[in-house]
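What follows is a single structure, written as structure tokens, with notes after it.
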Amino acid sequence: VQLQASGGGLVQAGGSLTLSCATSGSMVRVGTMGWYRQAPGKQRELVASITSGGDRNYADSVKGRVTISRDNRKKTVILQMNSMKPEDTAVYYCKVHYNAMDYWGKGTLVTVSS
């Protein structure tokens, strides 16, 4: 199982960005998929997650600004971020729970300028 995150970059405060995470490998019944982020000097934290049934969970810091979605057929997970703030600057990682294991993608850097 391999995960490839894309979509990071530089955006101005108030702008929007969409992150995508594509998976490869044969997987049946992928579990919860999610996005995490790690800012410099801080611990990695959950941004948003979505279960196989579509239940979503968001960090308080992004509620109302972020939407997570998934395509179960393509086994991808998308993070749409709006009204971005400088404090959203971080390396973003996608994670997939599959077959009792967690798989992480390499991070994609998101920088929000003020």
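Any residue at all in the range 21-36 that is touching a Lys or Arg at 6+ places or on another chain (Cβ under 6 Å), open to solvent by less than 50 Å² (accessible area, probe 1.4 Å) and closer than 17 Å to A90 by Cα? Yes, the range 21-36 contains at least one residue that is touching a Lys or Arg at 6+ places or on another chain (Cβ under 6 Å), open to solvent by less than 50 Å² (accessible area, probe 1.4 Å) and closer than 17 Å to A90 by Cα. Total residues in the range 25-79 satisfying the condition of being among the acidic types (D, E) and under 14 Å from the mean Cα position of the chain (by Cα): the figure is 2. Are any residues in the range 62-86 free of Cβ contacts under 8 Å to residues at least 40 places away in the same chain and open to solvent by 60 Å² or more (accessible area, probe 1.4 Å), and if so, which ones? Once the filter is applied, which keeps residues that are free of Cβ contacts under 8 Å to residues at least 40 places away in the same chain and open to solvent by 60 Å² or more (accessible area, probe 1.4 Å), the range 62-86 yields K63, G64, T67, R73.
The values are calculated or read from the model by the stated rules, or taken from the named source; none is laboratory data. Note that the coordinates shown come from a computational prediction; the quantities given were computed from them, not determined experimentally. Note that we place each Cβ from the backbone using ideal geometry, even for glycine, and neighbour counts take in every protein chain shown. We work out accessible area using only protein heavy atoms, side chains counted, and drop any ligands, DNA or RNA first. Shrake-Rupley method; radii C 1.70, N 1.55, O 1.52, S 1.80 Å.
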